[in-house]
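Before any comments, here is the structure.
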Amino acid sequence: MINVKINGKEYSVAKGSTVLEAAKAAHIDIPTLCYLKDINEIGACRLCLVEVAEMRGPALGPWRMVTACVYPCTEGMEIKTNTPKITASRKMNLELLLSNHNQDCLSCVRSTNCELQTLCREYGVTSSKFRGEVTESRIDDRSPIIRDNSKCILCRRCVATCAKVQEIGVIGANNRGFDTYVGSSFGMDLADTSCINCGQCIVACPVGALYERDDTDKVLEAIADPTKHTVICTAPSVRAQIGECFGYEPGTDCEGKMVAALKALGFDGVYDMNLTADLTIVEEATELMGRIQNNGTLPMITSCSPGWIKYCEHYFPEFTENLSTCKSPQQMFGAVVKTYYAQKMGWDPKDIVMVSAIPCTAKKFEVGRPDQSAAGVPDVDFAITTREVGRMIHKAGINFRALEDAQFDEPFGIGSGAGAIFGATGGVMEAALRYAAEAILGKKLEKVDFTEVRGVEGIKTASYKLGDLTVNVAVASSTGMAKKLLNMVKAGELDVQFIEIMGCPGGCVNGGGQPIQPASVRMNMDLRAVRAAVLYNDDANETLRKSQDNLAVQKLYDEFFGEPNSHKAHEILHTSYIKRGLY
Amino acid sequence: MKKKLTTVAFQGTKEQEEKLLAVIEKHAGQRGAMMPILQEAQEIYGYLPIEVQTIIAEKTGVSMEEIFGIISFYAQFKLNPDGQYAIAVCLGTACYVKGSGDIIEAISQKLNVPVGSTSPDGKYSIEATRCIGACGLAPVLTVNGEVYGKITVDDVDTILAKYQ
């Protein structure tokens, strides 16, 4: 520990702390824009300027301005975080940023949740006194992830996330000086690169330069169309995130209010995607056991995360045979509704508008993939993010906080605890183990918790003995970690039969479609763990904890599919992949 | 400066590619190898089109965007090959004050080639340079190294006529 003085008061802080971290421990906020904990710590935006004086021999040296986010504390250092000089500098830096920033705040998707706007309000910066040339830009809107560089403040948070967390690196700074812009190689659109649409860049962006394609108008149109049956299913994680759009603390379970709000919006059916998470488990675990028994391609890798799927196709095409052929729970849901349910209700699949609510931007890409149209029409019509769901509810004037809890609609209203934990890294693995263990051992499991695969670590491995069979498993979240894991498998350093990979760090609870929390919140809270706790809590409180015990799933097999991995199940619930390669 | 994207079709040879692969091999595993690789690649091809950048990205494992970011940052890296006639107009302070900005604009319009790029037929390239140290002759331009000094916009036609 070392001793520092912040604004006249003495504190003892961990050695190696930056001034920003020391101030945080002292409950003093220092504004930041380019800073994103552990991801982007580059001292570029100069909003975190503070004054420090360090010990030079026995006496205090001169006062200097430094950037708190990267400047390390030293023994005896004195720090001032709030002087007129600091305020004036921060204000000037905000004005300089605004001079080249499209101040179209009224219609900006990030208005009221923009870190730049918040700081300008706090510092009383209403407009820039600097007027001059503005960097030319255009909007790239050909992929589900839209970039509007007129709002970009060149903080590099998206660049660092793409390169360092996801280890993809399809965006970076091009040109130099005033012409610098964040974009892709040769100014290509994201749609033409090996971008996987994970949306982690959107979540990293402090302003409105990155956002997802908004499909809410099309959804509202479908709801209003009396000739359409417009139904929605919600992914496991949405209930753990949606509250944040309405001022709840992260980690608040809002399932009941979410269902009530979607019903109030006028959907003809509000269903639980946990059900097809269960269906996925039955199909996927059966596929795994088949591969083990018949010397199929192993390790088998999960296929729920469309960001991971596209990553695999681009960066590890040699592993596409290892991917489970199961569609994702979202696509299975659409496929079941447009085949089984359409038949049952006597509806033409063309008249069904299937919407999914998901914490994911890559799902917007997934709905348009080939081999995802079991009924001859796309399984899912619109995939909307948690943020879009929040926006629709706001726009409709529904008072979310005042809603009475409601229940999902039948016949797709039941999901097991195993389905619920799909949203957290390790959840699909645990759910599959609950199924496989019973199937292999031929008896009811007493202990259904496989805690070794839980937690936010990037890579987890475990080994389970099921009768005579030893099953080695591995779990990775974020494509950066997936890369590391697959390279280990390739090098023969890891012998596993089953791998779960989620494209986003921490899994879907931290997906690219989640409500955006500013860097100041992300500095103090691990959103991955806080939101995952909601799902594990749901699971622990469920009496129904195994996918195979879900009566709604059993009914689907009894009435329609026959048995897991049947010919019909293969036609409707499974898909194929493309070897894309890199460039 | 905003770099103009490549306008000339790639005509790299097998021999050039072998040289490039040898260069990448030579720098394998070396820290900070990208700058020397790009410099040597430019020596081989004369410029760094997407085809060359792709080879470098694939062989080094560095992303295409990171490579393009470096190339577009440094003025010395070229996305366009020099034309058969490489025109360089000095935009250093002295030349600029003496009107070289108008001259480069006039040449660009007459040849219909944007500054910083090469005509698609590969005949002309126009480059704006920093001070070339001939301020006494300002404003000055060079064509394939041949120097023309104290010129005006009216001289442009006569100069270009020599390079048909």
*What tally of residues in segment B:40-55 results from selecting those that are within 12 Å of chain A (Cβ to nearest Cβ) and either surrounded by fewer than 21 Cβ atoms within 10 Å (Cβ to Cβ) or out of contact with any Leu (no Cβ under 8 Å at 6 or more places or on another chain) (or both)?*
5
*Just give me the residues in segment A:189-204 being more than 8 Å from chain B (Cβ to nearest Cβ) and surrounded by 19 or more Cβ atoms within 10 Å (Cβ to Cβ), in sequence order.*
A:LEU190, A:SER194, A:CYS195, A:ILE196, A:ASN197, A:CYS198, A:GLY199, A:GLN200, A:CYS201, A:ILE202, A:VAL203, A:ALA204
_Exactly one condition in (1) closer than 18 Å to B:GLY32 by Cβ; (2) at the interface with chain A (Cβ under 9 Å from one of its Cβ atoms); (3) assigned to a helix (DSSP H, G or I) is false for B:LYS59; which is it?_
(2)
_Among (1) surrounded by fewer than 23 Cβ atoms within 10 Å (Cβ to Cβ); (2) within 11 Å of chain B (Cβ to nearest Cβ); (3) farther than 23 Å from A:LEU33 by Cβ; (4) within 22 Å of the chain's Cα centre (by Cα), the one test that A:ILE168 misses_ = (1)
_For A:THR87: the one exception among (1) touching a strand residue (DSSP E or B) at 6+ places or on another chain (Cβ under 8 Å); (2) farther than 30 Å from A:ILE202 by Cβ; (3) part of a helix (DSSP H, G or I)_ = (1)
*List the strands (runs of 3 or more DSSP E) that sit entirely inside segment A:415-521 and contain at least 1 residues that are in contact (Cβ under 8 Å) with a residue 60 or more places away in the chain and hydrophobic (A, V, I, L, M, F, W, C).*
A:469-477, A:498-502
*Kindly check whether there is at least one residue in segment A:423-431 that is of a type in the set (S, T, N, Q) and under 28 Å from A:GLU366 (Cα atoms).*
yes
*If you take the residues in segment A:36-70 that are under 28 Å from A:ASN100 (Cβ atoms) and basic (Lys, Arg), which one is surrounded by the fewest Cβ atoms within 10 Å (Cβ to Cβ)?*
A:ARG64
*asked:* For segment A:542-583, which positions are within 14 Å of chain B (Cβ to nearest Cβ) and among the hydroxyl-bearing types (Ser, Thr, Tyr)?
replied: A:TYR583
*Mind counting the residues in segment A:118-145 that are in contact (Cβ under 8 Å) with a residue 40 or more places away in the chain and crowded, with 19+ Cβ neighbours inside 10 Å?*
5
*Checklist (1) over 17 Å from A:GLY187 (Cα atoms); (2) away from chain B (no Cβ under 14 Å); (3) at pLDDT 95 or above applied to A:ARG142, failing item*: (1)
*asked:* Take A:LYS350 and tell me if it is in a helix (DSSP H, G or I) and either closer than 30 Å to A:MET488 by Cβ or in contact with a helix residue (DSSP H, G or I) (Cβ under 8 Å, 6 or more places away or on another chain) (or both).
replied: no
*asked:* Go through (1) under 27 Å from A:LEU154 (Cα atoms); (2) buried (at least 18 other Cβ atoms within 10 Å of the Cβ); (3) out of contact with any helix residue (DSSP H, G or I) (no Cβ under 9 Å at 6 or more places or on another chain); (4) away from chain A (no Cβ under 11 Å) for B:ARG31 and report which single condition fails.
replied: (2)
*Can you tell me which of A:GLY177, A:GLY208 is farther than 26 Å from A:PHE316 by Cβ and away from chain B (no Cβ under 14 Å)?*
A:GLY208
_Selected residue (criterion: surrounded by the most Cβ atoms within 10 Å (Cβ to Cβ)) from residues of segment A:524-583 that are touching a His at 6+ places or on another chain (Cβ under 8 Å) and farther than 22 Å from A:VAL380 by Cβ_ = A:LEU582
*Do you know which residues across segment A:273-312 are charged (D, E, K, R) and either within 17 Å of A:GLU430 (Cα to Cα) or out of contact with any helix residue (DSSP H, G or I) (no Cβ under 8 Å at 6 or more places or on another chain) (or both)?*
A:ASP278, A:GLU283, A:GLU284, A:GLU287, A:ARG291
_For segment B:17-50, which positions are farther than 29 Å from B:ARG130 by Cβ and in a helix (DSSP H, G or I)?_
B:GLU17, B:GLU18, B:LYS19, B:LEU21, B:ALA22, B:ILE24, B:GLU25, B:LYS26
*Taking segment A:389-444 as the search range and keeping residues that are among the acidic types (Asp, Glu) and crowded, with 16+ Cβ neighbours inside 10 Å, which one is nearest to A:GLY266 (Cα to Cα)?*
A:ASP409
*asked:* Condition first: surrounded by fewer than 18 Cβ atoms within 10 Å (Cβ to Cβ) and either part of a strand (DSSP E or B) or in contact with a Leu (Cβ under 9 Å, 6 or more places away or on another chain) (or both). Now tell me which residues in segment A:71-84 satisfy that.
replied: A:PRO72, A:GLY76, A:LYS80
*Could you tell me whether segment A:148-162 includes any residue that is at the interface with another protein chain (Cβ under 7 Å from one of its Cβ atoms) and either among the aliphatic types (A, V, I, L, M) or assigned to a loop (DSSP other than H, G, I, E, B) (or both)?*
no
*Filter segment A:367-404 down to residues that are assigned to a loop (DSSP other than H, G, I, E, B) and basic (Lys, Arg), then give me how many there are.*
1
*What is the residue count in segment B:79-91 for residues that are within 20 Å of A:ASP179 (Cβ to Cβ) and either facing another protein chain (nearest Cβ under 9 Å) or of a type outside the set (A, V, I, L, M, F, W, C) (or both)?*
2
_Can you pull out every residue in segment A:465-484 that is surrounded by 24 or more Cβ atoms within 10 Å (Cβ to Cβ) and farther than 19 Å from A:LEU433 by Cα?_
A:SER478, A:THR479, A:ALA482
*In segment B:64-78, the residues that are within 8 Å of another protein chain (Cβ to nearest Cβ) and in contact (Cβ under 8 Å) with a residue 40 or more places away in the chain*: B:SER72
*For segment B:71-114, enumerate the residues that are part of a strand (DSSP E or B) and not aromatic (Phe, Trp, Tyr).*
B:ALA86, B:ILE87, B:ALA88, B:VAL89, B:CYS90
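The values are calculated or read from the model by the stated rules, or taken from the named source; none is laboratory data. Computed from a predicted structure; not experimentally measured. Here the Cβ is made from the backbone with ideal geometry for all residues, glycine too, and neighbour counts use every protein chain on show.
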